[in-house]
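In what follows, a single structure is set out as structure tokens and then discussed.
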2 protein chains.
Amino acid sequence: MQDAFSVIYHVRSTPKEIAGRAEAIALEQSVELPRAAVRDPHIVENILARVESIAPLGDNLFEVAIRLARVTTGDEPAQLLNMLFGNTSLQEDVLLVDVVMPDEMLSAFVGPRFGVTGLRALLGAEARALTCTALKPQGLSSAQLADLCRVFARAGIDLIKDDHGLANQSFSPFAERVARCQAAVEQVNAETGRRCCYVPNLIGSPRQIADQVRICRELGVRVVMVEPMLVGMALMHELAADNSGMAILAHPAFGGALRIAPELLFGKIFRLFGADAVIYPNYGGRFSYSQQTCKTLAENLRRPWGEVKAAFPVPAGGMQVDRVQEMLDVYGRDVILLIGGSLYMAGDALLERSRAFVENVQKGFVA
Amino acid sequence: MQDAFSVIYHVRSTPKEIAGRAEAIALEQSVELPRAAVRDPHIVENILARVESIAPLGDNLFEVAIRLARVTTGDEPAQLLNMLFGNTSLQEDVLLVDVVMPDEMLSAFVGPRFGVTGLRALLGAEARALTCTALKPQGLSSAQLADLCRVFARAGIDLIKDDHGLANQSFSPFAERVARCQAAVEQVNAETGRRCCYVPNLIGSPRQIADQVRICRELGVRVVMVEPMLVGMALMHELAADNSGMAILAHPAFGGALRIAPELLFGKIFRLFGADAVIYPNYGGRFSYSQQTCKTLAENLRRPWGEVKAAFPVPAGGMQVDRVQEMLDVYGRDVILLIGGSLYMAGDALLERSRAFVENVQKGFVA
């Protein structure tokens with residue numbers, strides 16, 4: 001097989017059965033037929049997936065590498081996912097762990113348009129870690145959300161994003177909310193000379209999102225958020241491919257397909273499909289990922305990978321202002337720190353605590 | 001809270017902690033803030049989710065019902081999923097089990113355009129179970145796939161669908177493949193007087209799929225397949241809302257988010273968002289669902305549900321011709337039986353075994 005790539009699974013099996021199980025996965029993820037039903041020699045040679053290696057991991061767990069033909073993916077995001085885990089995702093004994101593609105295959109996908117360097121330039125923050133917060137809760141009016149924007153922009157938070165629960169609801173319709181919030185942040189930027197960005201949440205059907213993109217561009221929005229698991233990873237890839245001049249912040253909502261390793265789904269796949277920054281549940285917060293999972297995920301977003309630009313990790317979920325130094329120690333400076341609820345807990349001191357957040361990040365880097 | 005709906009989760013917890021855990025889920029899935037940070041009485045009254053009930057299921061497992069405000073969903077598919085399981089999908093102790101919506105909320109979504117009755121009329125099969133097979137393996141040329149179409153159409157298989165692995169690859173590009181396969185089936189129909197349908201697989205980004213839809217309509221295709229977990233459930237809903245004259249067959253690829261109960265994801269959500277027929281892994285085949293799961297899933301697709309039309313269950317995955325009677329016994333006649341590999345195992349006797357499949361279904365109903 002020429003022009004192939006490797007997919008890594010963890011498979012629960014007895015030692016006696018693993019060889020057969022691995023062959024079954026190779027069949028399922030390529031021809032989806034019993035081996036005996038594949039009779040065309042061209043298919044056997046060029047399409048049929050091969051078991052590349054099987055390594056015991058102990059405790060009836062094995063690492064299985066399967067070699068797939070690139071031609072089966074059509075160099076298209078949805079079909080790539082299909083080849084990685086289409087049917088096998090439905091088999092309980094298999095975890096999709098990793099994918100290893102040659103650089104010339106990577107270059108068929110758009111990757112982050114801005115990436116770390118581009119987002120830093122956009123925000124005028126060349127060296128330090130960036131800051132991010134969320135507008136919440138849903139149910140507030142657009143005017144109330146714009147008021148929050150003013151507070152956060154005055155505090156100097158780089159990215160002021162919609163809560164992922166803000167869609168096109170009656171209490172803050174998309175067009176109205178984005179116009180007011182964008183104007184609020186621009187107004188404060190004009191006063192402070194900063195480059196804080198409001199980040200609207202794009203959500204809906206493809207045509208609805210196309211309308212939302214148009215509204216954002218007309219209003220001068222520079223960063224948008226999407227939930228690829230809700231709106232489609234190929235939609236995000238198309239948005240990135242359009243080169244709209246807006247960076248993309250990806251949110252993990254609905255990504256609870258735990259049998260896809262988060263290091264892969266959020267660390268590699270979201271990046272490859274065009275996310276400039278990827279939100280994920282940080283360790284020690286409301287979610288269950290380990291510190292090691294989070295570090296690997298962040299490394300996957302940033303390390304050299306063919307021609308694919310590095311993307312920002314955005315650890316989130318129950319983070320607090322007094323953990324900023326810890327986050328910087330763990331993630332370094334190429335990180336976007338996202339804190340939401342902990343700021344709101346300050347009540348009337350929202351501005352002050354938001355400023356403390358910003359300052360902790362700045363001080364953190366002096367240390 | 002007026003105009004609300006209920007979401008059911010299974011939560012692993014100790015009896016001591018379950019009340020707090022349930023409250024945390026209600027917060028996560030609505031305001032995404034600590035309770036103390038929610039100060040606006042309007043939000044508390046109208047937006048904040050409520051714990052409706054907690055019932056022990058034994059063994060440190062609880063059924064938790066959460067009441068959500070409909071207004072938070074914007075009556076839009078992606079945002080509905082977000083409200084059901086956006087962030088909570090990332091918490092390992094929670095399984096999304098069910099959703100209960102009032103009929104007037106259901107009517108905000110399009111549901112199947114054809115449904116059981118419409119598909120029966122389309123296929124000229126008023127009373128019997130329907131048949132379906134798949135064109136495989138990927139790697140065959142469009143001409144070879146069209147040859148297979150002729151065989152299956154001659155056998156009288158109602159729905160001859162693309163393998164879910166057929167996309168827009170170089171070996172059988174979409175436009176060429178669909179034109180040839182559609183012509184092949186139409187030609188045989190003209191000879192036999194039957195109404196077999198070729199079912200192309202739509203996959204790609206939103207604009208690529210829009211192109212594919214246009215091609216299908218121009219060629220007179222009447223049924224298409226989509227993988228909602230790969231291309232986006234809101235895209236499928238939009239396709240259904242467009243009322244294109246083509247029925248939708250939904251495929252579960254990439255749907256391995258096991259912490260969404262398959263009875264819900266495939267049985268209710270896919271139906272609500274417009275699938276006229278839903279493929280799922282049958283018990284006793286290559287996948288791991290129990291017979292009870294499959295029966296409930298099928299029932300969910302078909303039972304009365306507000307104004308939402310019934311959809312066809314399409315049990316699949318390692319089914320065999322000699323299990324047809326069993327499938328009819330289990331599912332009744334409102335079912336599409338999908339058999340692929342077992343037909344191909346017949347080798348040169350493909351036509352005969354395909355005919356046997358069709359005949360077993362017909363005989364099955366005489367019995």
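The values are calculated or read from the model by the stated rules, or taken from the named source; none is laboratory data. Computed from a predicted model, the values in this text were never measured in an experiment. Because the Cβ atoms are built from the backbone with ideal geometry, glycine has one as well, and the counts that use them run over all protein chains shown.
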**Report entry** Residue under evaluation B:Leu148, criteria (1) at pLDDT 85 or above; (2) under 23 Å from B:Asn243 (Cβ atoms), criterion not met
**Finding:** (2)
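Would you list the helices (runs of 4 or more DSSP H) that sit entirely within the range A:128-238 and hold 2 or more residues that are surrounded by fewer than 22 Cβ atoms within 10 Å (Cβ to Cβ) and β-branched (Val, Ile, Thr)? Please lay out each step first, then the result.
Numbers: elements: A:142-155, A:174-192, A:206-219, A:228-231.
Where helices (runs of 4 or more DSSP H) fall fully within the range A:128-238 and carry at least 2 residues being surrounded by fewer than 22 Cβ atoms within 10 Å (Cβ to Cβ) and β-branched (Val, Ile, Thr), they are A:174-192, A:206-219.
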Report task. State the number of residues belonging to the range B:8-39 that are at pLDDT below 90 and touching a helix residue (DSSP H, G or I) at 6+ places or on another chain (Cβ under 8 Å). Result -> 10
Report task. Take the range B:297-307 and flag every residue that is surrounded by fewer than 20 Cβ atoms within 10 Å (Cβ to Cβ) and not basic (Lys, Arg). Result -> B:Glu299, B:Pro304, B:Trp305, B:Gly306, B:Glu307
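Can you tell me which residue among B:Gly267, B:Gly332 is more than 11 Å from chain A (Cβ to nearest Cβ), surrounded by fewer than 19 Cβ atoms within 10 Å (Cβ to Cβ) and either modelled with pLDDT of 85 or more or over 20 Å from A:Val231 (Cβ atoms) (or both)? Outline the logic, then answer.
Numbers: B:Gly267 fails: surrounded by fewer than 19 Cβ atoms within 10 Å (Cβ to Cβ).
After ruling out the rest, the residue left standing is B:Gly332.
Go through the range B:311-339 and count every residue that is assigned to a helix (DSSP H, G or I) and in contact with a Pro (Cβ under 7 Å, 6 or more places away or on another chain).
Kept after step one, since they are assigned to a helix (DSSP H, G or I), are these residues of the range B:311-339: B:321-331.
Next cut, in contact with a Pro (Cβ under 7 Å, 6 or more places away or on another chain) only: B:327, B:331.
Residues that pass the stated criteria total 2.
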**Report entry** Single residue of the range B:156-194 satisfying the filter (acidic (Asp, Glu) and at pLDDT 90 or above) that is farthest from the chain's Cα centre (by Cα)
**Finding:** B:Glu191
Query raised in the report: In the range B:3-98, which strands (runs of 3 or more DSSP E) lie fully inside it and hold 2 or more residues that are more than 8 Å from every other protein chain (Cβ to nearest Cβ) and either closer than 26 Å to A:Asp348 by Cα or without any contact (Cβ under 8 Å) to a residue 60 or more places away in the chain (or both)?
Result: B:50-58, B:61-69
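Kindly indicate whether B:Val44 is modelled with pLDDT of 85 or more, among the hydrophobic types (A, V, I, L, M, F, W, C) and out of contact with any strand residue (DSSP E or B) (no Cβ under 9 Å at 6 or more places or on another chain).
It is true that B:Val44 is modelled with pLDDT of 85 or more, among the hydrophobic types (A, V, I, L, M, F, W, C) and out of contact with any strand residue (DSSP E or B) (no Cβ under 9 Å at 6 or more places or on another chain).
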Query raised in the report: Before we move on, is A:Glu28 touching a Lys or Arg at 6+ places or on another chain (Cβ under 8 Å), more than 27 Å from A:Glu263 (Cβ to Cβ) and of a type in the set (Asp, Glu)?
Result: no
Query raised in the report: Is one or more of the residues making up the range A:195-208 over 24 Å from the mean Cα position of the chain (by Cα), within 14 Å of another protein chain (Cβ to nearest Cβ) and over 23 Å from A:Ser354 (Cα atoms)?
Result: no
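Taking the criterion of being outside any loop (DSSP other than H, G, I, E, B), away from chain A (no Cβ under 12 Å) and more than 21 Å from B:Leu328 (Cα to Cα), would at least one residue in the range B:110-120 satisfy it?
From the range B:110-120, those outside any loop (DSSP other than H, G, I, E, B) are B:115-120; that's our starting set.
From what's left, away from chain A (no Cβ under 12 Å): B:115-120.
Filter once more, keeping what is more than 21 Å from B:Leu328 (Cα to Cα): none.
No: the range B:110-120 contains no residue that is outside any loop (DSSP other than H, G, I, E, B), away from chain A (no Cβ under 12 Å) and more than 21 Å from B:Leu328 (Cα to Cα).
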Report task. Provide a single number: the residues in the range B:66-114 that are crowded, with 24+ Cβ neighbours inside 10 Å, of a type in the set (Gly, Ala, Ser) and under 19 Å from the mean Cα position of the chain (by Cα). Result -> 1
Query - In the range A:136-154, the residues that are aliphatic (A, V, I, L, M) and more than 8 Å from chain B (Cβ to nearest Cβ) - result: A:Ala143, A:Leu145, A:Ala146, A:Leu148, A:Val151, A:Ala153
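Output the residues belonging to the range A:42-65 that are surrounded by fewer than 20 Cβ atoms within 10 Å (Cβ to Cβ) and either hydrophobic (A, V, I, L, M, F, W, C) or touching a Ser or Thr at 6+ places or on another chain (Cβ under 8 Å) (or both). Walk me through it before giving the result.
Taking the range A:42-65 as the starting set, the residues that turn out to be surrounded by fewer than 20 Cβ atoms within 10 Å (Cβ to Cβ) are A:42, A:44-46, A:50-61, A:63, A:65.
A:Val44, A:Val51, A:Glu52, A:Ile54, A:Ala55, A:Leu57, A:Asn60, A:Leu61, A:Glu63, A:Ala65 - these are the residues of the range A:42-65 that are surrounded by fewer than 20 Cβ atoms within 10 Å (Cβ to Cβ) and either hydrophobic (A, V, I, L, M, F, W, C) or touching a Ser or Thr at 6+ places or on another chain (Cβ under 8 Å) (or both).
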